[in-house]
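Shown next, in C-alpha coordinates, is the structure this report addresses.
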Amino acid sequence: EKGTYPHYMLKEIDEQPLVMRKIIQMYQNEQGELTIAPEIISAMNESDRVYIIAAGTSYHAGLVGKQFIEGIAKLPVEVHIASEFVYNMPLLTKKPLFIFISQSGETADSRAVLVKVKEMGYRTLTVTNVPGSTLSREADYTLLLHAGPEIAVASSKAYTAQLAVLAILADVTAKSQNIEVNFDLMHELGIIANAMEVLCDSKELFKHISREFLSVTRNAFFIGRGVDYYVSLEGALKLKEISYIQAEGFAGGELKHGTIALIEEGTPVIALATQGSVNLSIRGNVKEVVARGANPCIISMKGLNMDEDSFVIPEVHELLTPLISVIPMQLIAYYAALHRDCDVDKPRNLAKSVTVE
Ligand code: F6R
(Lines give C-alpha, C1' and ligand atoms only; values in the text may rest on other atoms or scores of the structure.)
Protein backbone atom coordinates (compact mmCIF):
# COMPACT_ATOMS: atom_id res chain seq x y z
CA GLU A 1 0.00 0.00 0.00
CA LYS A 2 2.95 2.34 0.40
CA GLY A 3 3.72 1.67 -3.27
CA THR A 4 7.16 2.87 -4.28
CA TYR A 5 7.71 4.68 -1.00
CA PRO A 6 10.24 3.28 1.47
CA HIS A 7 8.07 4.42 4.39
CA TYR A 8 4.47 5.37 5.05
CA MET A 9 5.64 8.56 6.68
CA LEU A 10 7.26 9.82 3.48
CA LYS A 11 4.18 8.86 1.50
CA GLU A 12 1.94 10.68 3.95
CA ILE A 13 4.13 13.78 3.91
CA ASP A 14 3.89 13.76 0.12
CA GLU A 15 0.10 13.39 0.20
CA GLN A 16 -0.37 16.75 1.91
CA PRO A 17 -0.99 18.83 -1.26
CA LEU A 18 -3.62 16.28 -2.35
CA VAL A 19 -5.26 16.30 1.08
CA MET A 20 -5.43 20.12 0.97
CA ARG A 21 -7.24 19.99 -2.38
CA LYS A 22 -9.55 17.28 -1.10
CA ILE A 23 -10.44 19.38 1.95
CA ILE A 24 -11.16 22.42 -0.24
CA GLN A 25 -13.45 20.22 -2.30
CA MET A 26 -15.20 18.52 0.64
CA TYR A 27 -15.88 21.79 2.47
CA GLN A 28 -17.33 23.59 -0.55
CA ASN A 29 -21.01 24.17 -1.31
CA GLU A 30 -22.68 24.32 -4.72
CA GLN A 31 -21.96 28.03 -4.97
CA GLY A 32 -18.26 27.30 -4.60
CA GLU A 33 -18.04 28.80 -1.11
CA LEU A 34 -16.50 27.21 1.97
CA THR A 35 -19.20 25.68 4.12
CA ILE A 36 -19.71 23.88 7.44
CA ALA A 37 -22.88 22.23 8.78
CA PRO A 38 -25.15 25.04 10.12
CA GLU A 39 -25.62 23.31 13.49
CA ILE A 40 -21.87 23.44 14.06
CA ILE A 41 -21.72 27.12 13.15
CA SER A 42 -24.65 27.77 15.52
CA ALA A 43 -22.78 25.94 18.28
CA MET A 44 -19.79 28.21 17.65
CA ASN A 45 -21.95 31.33 17.61
CA GLU A 46 -23.84 30.37 20.75
CA SER A 47 -20.71 29.73 22.76
CA ASP A 48 -18.76 32.39 24.65
CA ARG A 49 -15.49 30.42 24.58
CA VAL A 50 -14.04 27.45 22.77
CA TYR A 51 -12.05 24.89 24.74
CA ILE A 52 -9.79 22.81 22.51
CA ILE A 53 -8.78 19.48 24.02
CA ALA A 54 -6.12 17.25 22.45
CA ALA A 55 -2.84 15.38 22.87
CA GLY A 56 0.54 15.38 21.12
CA THR A 57 0.56 16.60 17.55
CA SER A 58 -3.18 17.27 17.70
CA TYR A 59 -2.55 19.55 20.70
CA HIS A 60 0.01 21.42 18.61
CA ALA A 61 -2.60 21.79 15.87
CA GLY A 62 -4.97 23.14 18.52
CA LEU A 63 -2.51 25.88 19.47
CA VAL A 64 -2.48 27.10 15.88
CA GLY A 65 -6.25 26.60 15.69
CA LYS A 66 -6.62 29.04 18.57
CA GLN A 67 -4.86 31.70 16.48
CA PHE A 68 -7.23 30.98 13.59
CA ILE A 69 -10.43 31.08 15.63
CA GLU A 70 -9.44 34.12 17.67
CA GLY A 71 -7.83 35.91 14.71
CA ILE A 72 -10.56 35.26 12.15
CA ALA A 73 -13.78 34.60 14.10
CA LYS A 74 -12.89 36.78 17.15
CA LEU A 75 -14.04 34.07 19.54
CA PRO A 76 -11.86 33.40 22.63
CA VAL A 77 -10.17 30.00 22.74
CA GLU A 78 -8.28 28.01 25.35
CA VAL A 79 -6.19 25.00 24.37
CA HIS A 80 -5.64 22.20 26.87
CA ILE A 81 -3.71 18.96 27.05
CA ALA A 82 -6.38 16.31 27.52
CA SER A 83 -4.60 14.33 30.26
CA GLU A 84 -4.19 17.48 32.38
CA PHE A 85 -7.62 18.95 31.80
CA VAL A 86 -9.38 15.90 33.12
CA TYR A 87 -8.32 16.56 36.74
CA ASN A 88 -7.16 20.16 36.53
CA MET A 89 -10.13 21.87 34.97
CA PRO A 90 -9.98 25.66 34.63
CA LEU A 91 -12.95 27.79 35.61
CA LEU A 92 -15.26 27.49 32.65
CA THR A 93 -17.27 30.29 31.09
CA LYS A 94 -21.08 30.08 30.95
CA LYS A 95 -21.37 28.68 27.43
CA PRO A 96 -18.33 26.67 26.57
CA LEU A 97 -18.01 24.67 23.35
CA PHE A 98 -15.55 21.80 23.55
CA ILE A 99 -13.57 20.88 20.44
CA PHE A 100 -11.71 17.58 20.53
CA ILE A 101 -8.94 17.28 17.97
CA SER A 102 -7.89 13.68 17.40
CA GLN A 103 -6.55 12.03 14.26
CA SER A 104 -7.59 8.57 15.42
CA GLY A 105 -10.68 9.59 17.35
CA GLU A 106 -9.67 6.96 19.90
CA THR A 107 -7.30 8.73 22.29
CA ALA A 108 -8.33 7.73 25.80
CA ASP A 109 -7.08 10.95 27.41
CA SER A 110 -9.30 13.01 25.13
CA ARG A 111 -12.23 10.66 25.56
CA ALA A 112 -12.03 10.98 29.34
CA VAL A 113 -12.58 14.73 28.97
CA LEU A 114 -15.38 14.20 26.48
CA VAL A 115 -17.23 11.89 28.86
CA LYS A 116 -16.80 14.35 31.72
CA VAL A 117 -17.93 17.50 29.91
CA LYS A 118 -20.87 15.67 28.37
CA GLU A 119 -21.98 14.73 31.87
CA MET A 120 -21.75 18.42 32.72
CA GLY A 121 -24.13 19.10 29.82
CA TYR A 122 -21.76 20.97 27.50
CA ARG A 123 -21.68 20.84 23.72
CA THR A 124 -18.96 18.91 21.99
CA LEU A 125 -17.41 18.79 18.53
CA THR A 126 -14.82 16.26 17.36
CA VAL A 127 -12.35 17.03 14.58
CA THR A 128 -11.07 13.64 13.43
CA ASN A 129 -9.74 11.67 10.52
CA VAL A 130 -11.74 8.56 11.33
CA PRO A 131 -15.49 8.53 10.68
CA GLY A 132 -17.29 6.36 13.21
CA SER A 133 -14.44 6.59 15.74
CA THR A 134 -15.29 6.71 19.43
CA LEU A 135 -14.79 10.47 19.78
CA SER A 136 -16.83 11.07 16.67
CA ARG A 137 -19.71 8.88 17.82
CA GLU A 138 -19.82 10.32 21.30
CA ALA A 139 -19.59 14.02 20.47
CA ASP A 140 -22.57 16.11 19.36
CA TYR A 141 -20.89 17.05 16.07
CA THR A 142 -18.02 15.88 13.88
CA LEU A 143 -15.78 17.54 11.32
CA LEU A 144 -13.77 15.10 9.20
CA LEU A 145 -10.21 15.65 8.03
CA HIS A 146 -10.52 13.65 4.79
CA ALA A 147 -6.78 12.96 4.95
CA GLY A 148 -7.05 9.24 4.16
CA PRO A 149 -5.62 6.62 6.52
CA GLU A 150 -2.52 7.72 8.40
CA ILE A 151 -0.41 4.62 9.00
CA ALA A 152 2.94 5.98 10.18
CA VAL A 153 2.97 6.43 13.94
CA ALA A 154 4.35 9.96 13.55
CA SER A 155 1.51 12.20 12.45
CA SER A 156 2.10 14.40 9.41
CA LYS A 157 -0.79 14.87 6.98
CA ALA A 158 -3.34 14.78 9.81
CA TYR A 159 -1.70 17.86 11.37
CA THR A 160 -1.95 19.99 8.22
CA ALA A 161 -5.49 18.68 7.61
CA GLN A 162 -6.44 19.66 11.17
CA LEU A 163 -5.11 23.17 10.56
CA ALA A 164 -7.03 23.51 7.29
CA VAL A 165 -10.31 22.35 8.84
CA LEU A 166 -9.89 24.65 11.85
CA ALA A 167 -9.17 27.57 9.51
CA ILE A 168 -12.34 26.78 7.54
CA LEU A 169 -14.33 26.56 10.79
CA ALA A 170 -12.98 29.98 11.80
CA ASP A 171 -13.71 31.47 8.38
CA VAL A 172 -17.28 30.18 8.08
CA THR A 173 -18.02 31.22 11.68
CA ALA A 174 -16.73 34.74 11.02
CA LYS A 175 -18.79 35.12 7.86
CA SER A 176 -21.95 33.89 9.60
CA GLN A 177 -21.50 36.81 12.00
CA ASN A 178 -20.64 39.30 9.28
CA ILE A 179 -17.17 39.64 10.70
CA GLU A 180 -14.99 40.85 7.87
CA VAL A 181 -12.34 38.36 6.77
CA ASN A 182 -9.77 40.30 4.78
CA PHE A 183 -8.54 37.37 2.72
CA ASP A 184 -10.08 34.62 0.60
CA LEU A 185 -9.36 31.43 2.54
CA MET A 186 -10.27 29.07 -0.28
CA HIS A 187 -7.89 30.85 -2.61
CA GLU A 188 -5.17 30.90 0.07
CA LEU A 189 -5.57 27.16 0.70
CA GLY A 190 -5.03 26.58 -3.02
CA ILE A 191 -1.80 28.59 -2.77
CA ILE A 192 -0.87 26.49 0.25
CA ALA A 193 -1.39 23.25 -1.71
CA ASN A 194 0.95 24.52 -4.43
CA ALA A 195 3.53 25.64 -1.88
CA MET A 196 3.34 22.22 -0.24
CA GLU A 197 4.23 20.68 -3.58
CA VAL A 198 7.28 22.89 -3.89
CA LEU A 199 8.42 21.76 -0.43
CA CYS A 200 7.76 18.09 -1.15
CA ASP A 201 9.87 18.50 -4.30
CA SER A 202 12.77 19.80 -2.19
CA LYS A 203 13.48 16.52 -0.39
CA GLU A 204 17.12 16.35 -1.41
CA LEU A 205 17.71 19.73 0.20
CA PHE A 206 16.07 18.68 3.46
CA LYS A 207 18.05 15.46 3.42
CA HIS A 208 21.16 17.56 3.10
CA ILE A 209 20.10 19.99 5.85
CA SER A 210 19.24 17.08 8.11
CA ARG A 211 22.63 15.47 7.55
CA GLU A 212 24.45 18.76 8.12
CA PHE A 213 22.68 19.68 11.35
CA LEU A 214 21.43 16.46 12.91
CA SER A 215 23.53 13.47 11.88
CA VAL A 216 25.79 13.41 14.95
CA THR A 217 24.16 15.65 17.56
CA ARG A 218 22.68 14.45 20.86
CA ASN A 219 20.19 17.26 21.09
CA ALA A 220 18.54 20.03 19.11
CA PHE A 221 16.48 23.14 19.73
CA PHE A 222 13.64 24.53 17.68
CA ILE A 223 12.71 28.17 18.16
CA GLY A 224 10.10 30.52 16.81
CA ARG A 225 7.76 33.32 17.85
CA GLY A 226 3.98 33.43 17.50
CA VAL A 227 2.72 30.60 15.32
CA ASP A 228 6.33 29.71 14.54
CA TYR A 229 6.69 28.78 18.22
CA TYR A 230 3.83 26.30 17.91
CA VAL A 231 5.39 24.80 14.78
CA SER A 232 8.69 24.57 16.70
CA LEU A 233 6.95 22.42 19.30
CA GLU A 234 5.74 20.14 16.55
CA GLY A 235 9.18 20.06 14.88
CA ALA A 236 10.78 19.00 18.16
CA LEU A 237 8.15 16.32 18.77
CA LYS A 238 8.61 14.87 15.27
CA LEU A 239 12.38 14.73 15.70
CA LYS A 240 12.19 13.15 19.16
CA GLU A 241 9.74 10.46 18.32
CA ILE A 242 11.34 9.11 15.17
CA SER A 243 15.08 9.90 15.48
CA TYR A 244 15.38 9.73 19.32
CA ILE A 245 17.37 12.97 19.32
CA GLN A 246 16.48 14.96 22.40
CA ALA A 247 14.74 18.03 21.07
CA GLU A 248 12.91 21.00 22.56
CA GLY A 249 10.69 23.61 20.99
CA PHE A 250 10.94 27.06 22.54
CA ALA A 251 9.49 30.49 22.22
CA GLY A 252 12.37 32.51 20.78
CA GLY A 253 12.45 34.98 23.65
CA GLU A 254 12.29 32.35 26.37
CA LEU A 255 15.52 30.48 25.69
CA LYS A 256 17.62 33.15 27.37
CA HIS A 257 15.68 32.68 30.61
CA GLY A 258 17.53 29.50 31.42
CA THR A 259 17.67 26.94 28.66
CA ILE A 260 20.36 28.84 26.77
CA ALA A 261 22.72 27.27 29.34
CA LEU A 262 22.43 24.06 27.31
CA ILE A 263 23.79 25.60 24.11
CA GLU A 264 27.28 24.32 23.39
CA GLU A 265 29.67 24.44 20.47
CA GLY A 266 27.77 22.95 17.53
CA THR A 267 24.31 22.56 19.16
CA PRO A 268 21.80 22.73 16.31
CA VAL A 269 19.18 25.45 16.66
CA ILE A 270 16.47 25.35 14.03
CA ALA A 271 14.77 28.73 13.86
CA LEU A 272 11.56 29.52 12.03
CA ALA A 273 11.13 33.01 10.64
CA THR A 274 7.81 33.27 8.80
CA GLN A 275 6.28 36.18 10.73
CA GLY A 276 7.04 39.71 9.60
CA SER A 277 6.20 41.34 12.92
CA VAL A 278 8.81 39.28 14.81
CA ASN A 279 11.36 38.67 12.08
CA LEU A 280 14.00 40.87 13.64
CA SER A 281 13.43 39.61 17.16
CA ILE A 282 13.73 35.92 16.20
CA ARG A 283 16.89 36.75 14.33
CA GLY A 284 18.14 38.47 17.46
CA ASN A 285 17.48 35.23 19.35
CA VAL A 286 19.49 33.34 16.74
CA LYS A 287 22.40 35.74 17.31
CA GLU A 288 22.22 35.06 21.06
CA VAL A 289 22.64 31.31 20.54
CA VAL A 290 25.25 31.70 17.82
CA ALA A 291 27.30 33.77 20.26
CA ARG A 292 27.32 30.66 22.51
CA GLY A 293 28.46 28.37 19.69
CA ALA A 294 25.15 27.13 18.29
CA ASN A 295 24.88 25.88 14.72
CA PRO A 296 21.87 27.80 13.36
CA CYS A 297 19.52 26.53 10.68
CA ILE A 298 17.12 29.32 9.76
CA ILE A 299 14.00 28.48 7.79
CA SER A 300 12.32 31.68 6.68
CA MET A 301 9.52 32.73 4.40
CA LYS A 302 10.10 34.47 1.08
CA GLY A 303 10.05 38.21 1.59
CA LEU A 304 11.50 37.87 5.09
CA ASN A 305 14.56 35.87 4.09
CA MET A 306 18.19 36.88 4.62
CA ASP A 307 21.49 35.60 3.22
CA GLU A 308 22.28 33.30 6.13
CA ASP A 309 19.03 31.28 5.85
CA SER A 310 19.24 27.53 5.15
CA PHE A 311 15.88 27.31 3.42
CA VAL A 312 13.22 29.75 2.23
CA ILE A 313 9.61 28.57 2.06
CA PRO A 314 7.27 30.06 -0.57
CA GLU A 315 5.19 33.05 0.47
CA VAL A 316 1.72 32.25 1.81
CA HIS A 317 -0.76 34.18 3.97
CA GLU A 318 1.00 35.00 7.23
CA LEU A 319 -1.66 33.43 9.46
CA LEU A 320 -1.47 30.17 7.50
CA THR A 321 2.31 29.64 7.44
CA PRO A 322 2.15 26.65 9.85
CA LEU A 323 0.46 24.65 7.08
CA ILE A 324 3.68 24.74 5.12
CA SER A 325 6.47 25.56 7.58
CA VAL A 326 5.78 22.22 9.27
CA ILE A 327 6.80 20.31 6.13
CA PRO A 328 10.50 21.13 6.51
CA MET A 329 10.15 19.98 10.14
CA GLN A 330 8.60 16.67 9.05
CA LEU A 331 11.19 16.06 6.34
CA ILE A 332 14.16 17.03 8.48
CA ALA A 333 12.96 14.63 11.18
CA TYR A 334 12.35 11.90 8.59
CA TYR A 335 15.86 12.11 7.19
CA ALA A 336 17.42 12.36 10.65
CA ALA A 337 15.72 9.07 11.51
CA LEU A 338 17.00 7.52 8.26
CA HIS A 339 20.56 8.70 8.90
CA ARG A 340 20.36 7.01 12.28
CA ASP A 341 18.81 3.80 10.98
CA CYS A 342 15.69 4.22 13.06
CA ASP A 343 12.42 2.47 12.33
CA VAL A 344 10.65 5.52 10.89
CA ASP A 345 7.11 4.17 10.71
CA LYS A 346 7.16 2.30 14.01
CA PRO A 347 9.31 4.15 16.51
CA ARG A 348 10.11 2.36 19.75
CA ASN A 349 7.72 2.65 22.70
CA LEU A 350 4.94 4.26 20.63
CA ALA A 351 1.56 3.14 19.32
CA LYS A 352 -0.55 4.83 16.66
CA SER A 353 -3.52 5.33 18.92
CA VAL A 354 -3.10 5.63 22.64
CA THR A 355 -6.11 3.96 24.16
CA VAL A 356 -4.96 4.04 27.79
CA GLU A 357 -5.09 7.08 30.06
C1 F6R B 1 2.82 12.45 17.15
C2 F6R B 1 1.63 11.65 17.38
C3 F6R B 1 0.94 11.72 18.70
C4 F6R B 1 -0.55 11.92 18.49
C5 F6R B 1 -1.30 11.88 19.84
C6 F6R B 1 -2.78 12.16 19.66
O7 F6R B 1 3.32 12.29 15.88
O8 F6R B 1 1.19 10.97 16.49
O9 F6R B 1 1.47 12.74 19.48
O10 F6R B 1 -0.75 13.14 17.87
O11 F6R B 1 -1.13 10.62 20.43
O12 F6R B 1 -3.37 11.24 18.81
P13 F6R B 1 -4.77 11.53 18.16
O14 F6R B 1 -4.63 12.72 17.28
O15 F6R B 1 -5.10 10.28 17.40
O16 F6R B 1 -5.73 11.78 19.30
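The values are calculated or read from the model by the stated rules, or taken from the named source; none is laboratory data. Computed from a predicted model, the values in this text were never measured in an experiment. Positions of Cβ are backbone-derived with ideal geometry, glycine not excepted, and every protein chain shown enters the neighbour counts. We work out accessible area using only protein heavy atoms, side chains counted, and drop any ligands, DNA or RNA first. Shrake-Rupley method; radii C 1.70, N 1.55, O 1.52, S 1.80 Å.
Between VAL316, VAL354, which is open to solvent by 30 Å² or more (accessible area, probe 1.4 Å), touching an Asp or Glu at 6+ places or on another chain (Cβ under 9 Å) and outside any helix (DSSP H, G or I)? Spell out the reasoning first.
On the way: VAL316 fails: open to solvent by 30 Å² or more (accessible area, probe 1.4 Å).
After ruling out the rest, the residue left standing is VAL354.
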Quiz item: What number goes with the only condition from (1) touching a residue at least 24 places away in the same chain (Cβ under 8 Å); (2) in a loop (DSSP other than H, G, I, E, B); (3) of a type outside the set (Phe, Trp, Tyr); (4) within 16 Å of the ligand (Cβ to nearest atom) that PRO131 does not pass?
Solution: (1)
Exercise. Report, ordered by the first and then the second residue, all pairs with beta carbons closer than 7 Å, sequence separation of six or more or different chains, a first member in region 48-59 that is within 6 Å of the ligand (Cβ to nearest atom), and a second member that is open to solvent by 10 Å² or more (accessible area, probe 1.4 Å) and at pLDDT 95 or above.
Key: ALA55/ILE81; ALA55/SER83; ALA55/THR107; ALA55/ASP109; GLY56/LEU237; THR57/SER155; THR57/LEU237; SER58/GLN103
Quiz item: Which one is nearest to the ligand (Cβ to nearest atom) among residues in region 200-234 that are of a type in the set (Ser, Thr, Tyr) and open to solvent by less than 30 Å² (accessible area, probe 1.4 Å)?
Solution: SER232
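A quick yes/no check of all residues on (1) within 12 Å of ASN129 (Cβ to Cβ); (2) touching a residue at least 60 places away in the same chain (Cβ under 8 Å); (3) within 13 Å of the ligand (Cβ to nearest atom); (4) not aliphatic (A, V, I, L, M):
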residue	(1), (2), (3), (4)
LEU145	yes, yes, yes, no
PRO149	yes, no, yes, yes
ALA154	no, yes, yes, no
ALA158	yes, yes, yes, no
ILE168	no, yes, no, no
THR173	no, yes, no, yes
GLN177	no, yes, no, yes
LEU185	no, yes, no, no
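Return yes when GLU39 is charged (D, E, K, R), within 29 Å of VAL356 (Cβ to Cβ) and either in contact with a helix residue (DSSP H, G or I) (Cβ under 9 Å, 6 or more places away or on another chain) or not in a loop (DSSP other than H, G, I, E, B) (or both) and no when it is not. Lay out the reasoning, then the answer.
Values: charged (D, E, K, R): yes; within 29 Å of VAL356 (Cβ to Cβ): no; either in contact with a helix residue (DSSP H, G or I) (Cβ under 9 Å, 6 or more places away or on another chain) or not in a loop (DSSP other than H, G, I, E, B) (or both): yes.
So GLU39 does not fit the description; no.
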Exercise. Could you pull out the residue among ILE81, ILE69, ILE36 that is of a type in the set (A, V, I, L, M), closer than 14 Å to VAL172 by Cβ and within 17 Å of the chain's Cα centre (by Cα)?
Key: ILE69
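Working only within region 233-252, note down all residues that are under 22 Å from SER277 (Cα atoms) and touching a residue at least 60 places away in the same chain (Cβ under 8 Å). Step through it out loud before you land on a result.
Step one: filter region 233-252 for residues under 22 Å from SER277 (Cα atoms), giving 233-235, 249-252.
LEU233, GLU234, GLY235, listed by residue number.
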Exercise. Scan region 60-80 residue by residue and report those that are without any contact (Cβ under 8 Å) to a residue 60 or more places away in the chain and more than 16 Å from the ligand (Cβ to nearest atom).
Key: LYS66, GLU70, PRO76, VAL77, GLU78
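Would you call VAL326 in a helix (DSSP H, G or I) and either at negative phi or open to solvent by 10 Å² or more (accessible area, probe 1.4 Å) (or both)?
Values: in a helix (DSSP H, G or I): yes; either at negative phi or open to solvent by 10 Å² or more (accessible area, probe 1.4 Å) (or both): yes.
So VAL326 passes the test.
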Quiz item: Counting only residues that are over 11 Å from VAL269 (Cα atoms) and within 15 Å of the chain's Cα centre (by Cα), which one in region 235-257 is most open to solvent (accessible area, probe 1.4 Å)?
Solution: LEU237
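Hey, among VAL278, VAL198, VAL269, VAL290, which residue is of a type in the set (Val, Ile, Thr) and without any contact (Cβ under 8 Å) to a residue 24 or more places away in the chain? Explain how you work it out, then say what you get.
Values: VAL278 fails: without any contact (Cβ under 8 Å) to a residue 24 or more places away in the chain; VAL198 fails: without any contact (Cβ under 8 Å) to a residue 24 or more places away in the chain; VAL269 fails: without any contact (Cβ under 8 Å) to a residue 24 or more places away in the chain.
None of the others qualify; the one that does is VAL290.
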Exercise. Could you identify the single residue in THR173, THR160 that is within 18 Å of THR321 (Cα to Cα), buried (at least 18 other Cβ atoms within 10 Å of the Cβ) and polar (S, T, N, Q)?
Key: THR160
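For region 329-344, which residues satisfy the criterion of being among the aliphatic types (A, V, I, L, M), farther than 14 Å from LEU199 by Cα and open to solvent by less than 20 Å² (accessible area, probe 1.4 Å)?
Narrowing region 329-344 to residues among the aliphatic types (A, V, I, L, M): 329, 331-333, 336-338, 344.
Cutting the leftovers down to farther than 14 Å from LEU199 by Cα gives us 333, 336-338, 344.
The answer is ALA333, ALA336, ALA337, VAL344.
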Quiz prompt | Of residues in region 266-293 being in a loop (DSSP other than H, G, I, E, B) and open to solvent by less than 10 Å² (accessible area, probe 1.4 Å), the one farthest from SER210 (Cα to Cα) | solution = THR274
